[in-house]
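The values are calculated or read from the model by the stated rules, or taken from the named source; none is laboratory data. Worth saying up front: this structure is predicted, and the values here are computed from it rather than measured. Please note: Cβ atoms are built from the backbone with ideal geometry, for glycine as well, and neighbour counts cover all protein chains shown.
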Amino acid sequence: MTGPLEIRVYENQQLVYAAELPGPVELGRQGAGEEAPYNRRTEAGRWRVVIAHADENAISRKHALLEPLPGGKVRFTNLSAKRSIRLADGTDLPPGTSCEVAVPALLTFGAKAVRVRAADTADVPLQNLPEATRRPGDLYATPSRLGTFALPSAAIDMEAVVRWLQATMGVLQSAAGDADFFPKAAQAIVDLVHLDSGRVLLWDQGDWKPEAVRTACGGDAEPSRQPSRQVLSRVRQEKRTFWQAPGAAGLSAGSMIGVHAVVAAPILDRHGEVIGALYGDRSRPALAAPTPAISRLEAILVELLASGVAAGLARLEQERAAVAARVRFEQFFTPELARHLAAHPDLLKGRDAEVTLLFADVRGFSRISERLGPAATVEWISDVMNALSECVLDHRGVLVDYFGDELLAMWGAPEEQPDHAQLACRAAVAMLGRLPGLNDRWRAVLQTPTALGIGLNTGIARVGNTGSPQKPKYGPLGNAANLASRVQGATKYFRTRLLVTGSTQAQLDASFQTRRLCKVRAVNISEPVDLHEVMPADQPGDLARDYERALAAFEAKDFRQAVSILGKLVAEYPDDGPSRVLMSRVLMGEDALDFDPVWELPGK
């Protein structure tokens with residue numbers, strides 16, 4: 001035998017300490033500066049266990065050394081200079097001498113008795129439930145394996161069964177995040193299975209860490225005996241419930257004396273990996289009395305409770321993941337949509353969808369930031385982007401990304417929105433409505449008003465995670481997004497603030513006043529598109545009507561009629577950028593040999 005030793009200390013035939021320790025092990029009385037019994041520590045390459053208080057003079061400070069040997073033996077060495085050790089056969093081991101004995105073995109020091117056995121031998125057999133424990137959510141996945149429930153012929157205490165079920169449901173219904181979740185589980189196996197102690201152990205960094213300990217006397221202090229590593233090792237390796245069975249067939253009453261009964265069931269995560277164990281033990285406190293065995297039914301109850309703990313932890317993990325996802329989503333989505341996506345993450349998978357995309361750009365950013373410097377620039381642009389973002393979220397949009405002085409938002413995905421074009425346009429109008437407030441706050445600092453250019457386009461885009469697993473970003477890809485960006489850029493050339501493509505304008509209702517500005521061909525986009533301006537609600541209707549008459553004349557090469565109409569518009573509305581741009585194109589068209597009404601935009 002070269003494995004761990006199982007040490008059990010009895011005082012006046014009452015069990016006071018139990019542990020499995022990889023030998024050698026030194027036993028003795030409390031020394032100066034040492035904690036009271038029954039603490040243990042490593043010292044000089046071996047375990048030291050304090051088994052007596054400083055005033056127990058019948059035991060020396062260093063009294064016995066136990067060393068595991070091959071062949072199922074252990075060497076006892078009396079380290080005391082004065083006191084003997086009584087062996088199981090009634091002989092004494094004098095001070096300073098050693099002997100080799102077969103395990104299990106018994107030593108006596110005054111009122112203390114120490115039982116020693118090999119922790120890794122099977123002189124007490126292990127039993128197990130035949131099926132491996134199932135992971136959370138998979139307990140009853142195969143109904144055919146449940147079998148048919150039938151009451152046994154023997155009488156059953158139905159009140160006890162109901163109490164079992166009530167206690168079990170109490171664990172199952174507990175919130176895993178509650179402070180008393182683990183203690184409830186530990187107490188439940190003490191109460192249900194009538195164990196002396198119950199524990200919830202978690203597997204952490206290669207060792208079992210106690211999360212909760214409860215005893216039959218109602219205390220929460222850790223009992224003196226330590227969990228059986230042999231049983232826990234089997235539980236972790238095989239993912240099933242094991243119990244030691246003193247009193248099983250083939251064991252005599254004498255072989256059961258001092259042996260405690262233990263049961264352990266695995267706690268699995270949702271992937272089926274062992275993350276902990278529900279562990280309990282039962283022991284006759286007297287050295288000379290046998291321990292009642294743990295029955296198969298009791299083992300099943302422990303496994304049921306362990307499954308309840310596993311389900312609670314899995315639920316907690318899901319809830320934490322959902323909260324984390326919702327917090328992450330709320331950076332880009334409305335709170336309602338964030339909660340919806342946290343519950344239905346499949347909506348974030350890549351798919352084709354009709355969406356309306358909005359690009360908003362802060363005009364003159366480079367010039368202003370150069371004058372302000374980095375700190376003031378960050379403060380200013382953050383204020384602007386916060387105002388624009390609120391407009392997006394207020395109109396149920398998705399904040400896709402920020403590009404320095406530019407914002408990208410989307411409607412129509414991940415949730416379907418039949419009115420996505422109108423929502424996007426209302427958000428754009430709201431953005432322009434926030435400019436007076438921004439200018440009131442920043443005019444003295446900027447010495448120039450904050451201005452925006454906003455472009456919208458409606459079309460089919462591939463929406464999903466356009467970032468990476470390390471930094472996800474939900475948004476669109478494809479020509480629809482590229483065109484929306486070009487439309488925003490076109491606001492500079494038309495000297496206006498809000499442009500939409502024909503596909504967006506076609507989905508707007510009569511509450512929006514628009515005018516078609518012209519057909520354009522954007523940079524790197526071959527197919528020409530109609531651009532429309534969304535005009536302020538208080539804009540006179542004759543401006544849009546007369547402009548479109550002039551545009552129709554221009555496209556029909558009736559330049560004289562176009563000049564006549566535009567001349568009146570420019571005189572009446574000198575600040576109308578589109579009228580001035582169209583007048584310039586009319587004058588150039590008159591001299592062009594290869595006239596084309598489609599305007600090739602000069603840049604992005």
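Considering Arg426, Arg396, which residue is among the basic types (Lys, Arg) and in contact with a strand residue (DSSP E or B) (Cβ under 9 Å, 6 or more places away or on another chain)?
On the way: Arg426 fails: in contact with a strand residue (DSSP E or B) (Cβ under 9 Å, 6 or more places away or on another chain).
Residue meeting the stated conditions: Arg396.
Conditions (1) surrounded by 15 or more Cβ atoms within 10 Å (Cβ to Cβ); (2) in contact with a Leu (Cβ under 7 Å, 6 or more places away or on another chain); (3) at pLDDT below 90, marked per residue:
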| residue | (1), (2), (3) |
| --- | --- |
| Val25 | yes, yes, no |
| Asn57 | no, no, yes |
| Leu65 | yes, yes, no |
| Pro70 | no, no, yes |
| Ala88 | no, yes, yes |
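Which residues, taken from region 163-191, are at pLDDT 80 or above and of a type in the set (A, V, I, L, M, F, W, C)?
The first filter runs over region 163-191 and keeps only residues at pLDDT 80 or above, leaving 181-191.
Within region 163-191, Phe181, Phe182, Ala185, Ala186, Ala188, Ile189, Val190 qualify.
Mind checking which residues of region 27-45 are crowded, with 22+ Cβ neighbours inside 10 Å and within 23 Å of Ala118 (Cβ to Cβ)?
Once the filter is applied, which keeps residues that are crowded, with 22+ Cβ neighbours inside 10 Å and within 23 Å of Ala118 (Cβ to Cβ), region 27-45 yields only Leu27.
For region 462-485, check the following and say yes or no: at least one residue is modelled with pLDDT of 90 or more and over 25 Å from Gln422 (Cβ atoms). Walk me through how you get there before you give the answer.
Filtering region 462-485 for residues modelled with pLDDT of 90 or more gives 462-463, 476-485.
Narrowing further to those that are over 25 Å from Gln422 (Cβ atoms): none.
No, that holds for no residue.
Out of Thr514, Thr504, I need the residue that is free of Cβ contacts under 8 Å to residues at least 40 places away in the same chain and among the β-branched types (Val, Ile, Thr). Which one? Before you say what the answer is, go through the steps one by one.
On the way: Thr504 fails: free of Cβ contacts under 8 Å to residues at least 40 places away in the same chain.
Criteria check complete, one pass: Thr514.
Identify, by number, the condition in (1) in contact with an Asp or Glu (Cβ under 8 Å, 6 or more places away or on another chain); (2) surrounded by 20 or more Cβ atoms within 10 Å (Cβ to Cβ); (3) in a strand (DSSP E or B) that Thr496 doesn't meet.
(3)
Would you call Ala88 among the small types (Gly, Ala, Ser) and closer than 25 Å to Arg229 by Cα? Quick ask: steps written out before the conclusion?
Details: among the small types (Gly, Ala, Ser): yes; closer than 25 Å to Arg229 by Cα: no.
Spelling it out, it is not the case that Ala88 is among the small types (Gly, Ala, Ser) and closer than 25 Å to Arg229 by Cα.
Which of the strands (runs of 3 or more DSSP E) found entirely inside region 197-284 contain at least 1 residues meeting this: more than 25 Å from Ala311 (Cβ to Cβ) and at pLDDT below 90? Before the answer, list the steps.
Working: elements: 197-204, 207-215, 242-244, 261-268, 274-282.
Of the strands (runs of 3 or more DSSP E) lying wholly inside region 197-284, those with at least 1 residues that are more than 25 Å from Ala311 (Cβ to Cβ) and at pLDDT below 90 span 207-215, 242-244, 261-268, 274-282.
Which numbered condition trips up Arg441, out of (1) surrounded by fewer than 18 Cβ atoms within 10 Å (Cβ to Cβ); (2) touching a Cys at 6+ places or on another chain (Cβ under 9 Å); (3) basic (Lys, Arg)?
Arg441 satisfies every listed condition except (2).
All but one of (1) modelled with pLDDT under 95; (2) surrounded by 15 or more Cβ atoms within 10 Å (Cβ to Cβ) hold for Val384, so report the exception by its number.
Looking at each condition in turn, Val384 falls short on (1).
Return the pairs, sorted by first residue and then second, in which the second residue is polar (S, T, N, Q) and surrounded by 11 or more Cβ atoms within 10 Å (Cβ to Cβ), the first residue lies in region 42-68 and is assigned to a strand (DSSP E or B), the beta carbons are less than 6 Å apart, and the residues are 6+ apart or on different chains.
From region 42-68, the pairs are Val50/Gln30; Val50/Asn39; Leu65/Thr77; Pro68/Thr2.
Quick check on this structure: which one of Leu456, Leu408, Leu399, Leu432 is in the same structural domain as Ala484 (by TED's automatic domain parsing), more than 17 Å from Ala480 (Cα to Cα) and touching a residue at least 60 places away in the same chain (Cβ under 8 Å)? I'd like the intermediate steps shown before the answer.
Numbers: Leu456 fails: more than 17 Å from Ala480 (Cα to Cα); Leu408 fails: more than 17 Å from Ala480 (Cα to Cα); Leu399 fails: more than 17 Å from Ala480 (Cα to Cα).
Just a single option satisfies the conditions, and that option is Leu432.
Taking the criterion of being assigned to a loop (DSSP other than H, G, I, E, B), in contact with a strand residue (DSSP E or B) (Cβ under 9 Å, 6 or more places away or on another chain) and not aliphatic (A, V, I, L, M), would at least one residue in region 482-492 satisfy it? First the steps, then the outcome.
From region 482-492, those assigned to a loop (DSSP other than H, G, I, E, B) are none; that's our starting set.
No, there is no match, as no residue in region 482-492 is assigned to a loop (DSSP other than H, G, I, E, B), in contact with a strand residue (DSSP E or B) (Cβ under 9 Å, 6 or more places away or on another chain) and not aliphatic (A, V, I, L, M).
Is there a residue in region 443-450 that is basic (Lys, Arg), in a strand (DSSP E or B) and assigned by TED's automatic domain parsing to the domain that holds Arg371? Walk me through it before giving the result.
In the first step, residues of region 443-450 are kept if they are basic (Lys, Arg); the result is 443.
Checking the rest, the ones that are also in a strand (DSSP E or B) come to none.
Scanning region 443-450 turns up no residue that is basic (Lys, Arg), in a strand (DSSP E or B) and assigned by TED's automatic domain parsing to the domain that holds Arg371.
List the number of the failed condition for Gly23; all other conditions in (1) assigned to a strand (DSSP E or B); (2) over 15 Å from Lys112 (Cβ atoms) hold.
Of (1) assigned to a strand (DSSP E or B); (2) over 15 Å from Lys112 (Cβ atoms), only one is false for Gly23: (1).
Of all residues in region 339-380, which are assigned to a strand (DSSP E or B) and either over 25 Å from Met431 (Cβ atoms) or of a type outside the set (Gly, Ala, Ser) (or both)? If you could, list the steps in order and put the result at the bottom.
At the first step, the residues of region 339-380 found to be assigned to a strand (DSSP E or B) are 351-362.
Matches in region 339-380: Arg351, Asp352, Glu354, Val355, Thr356, Leu357, Leu358, Phe359, Asp361, Val362.
Consider Arg426 carefully, then state whether it is under 30 Å from Glu533 (Cα atoms), among the charged types (D, E, K, R), touching a residue at least 24 places away in the same chain (Cβ under 8 Å) and not in a loop (DSSP other than H, G, I, E, B).
yes
Considering only region 459-481, state which residues are in contact with an Asp or Glu (Cβ under 7 Å, 6 or more places away or on another chain), of a type outside the set (Gly, Ala, Ser) and outside any loop (DSSP other than H, G, I, E, B).
If the condition is that a residue be in contact with an Asp or Glu (Cβ under 7 Å, 6 or more places away or on another chain), of a type outside the set (Gly, Ala, Ser) and outside any loop (DSSP other than H, G, I, E, B), then Ile460, Arg462 are the ones that fit.
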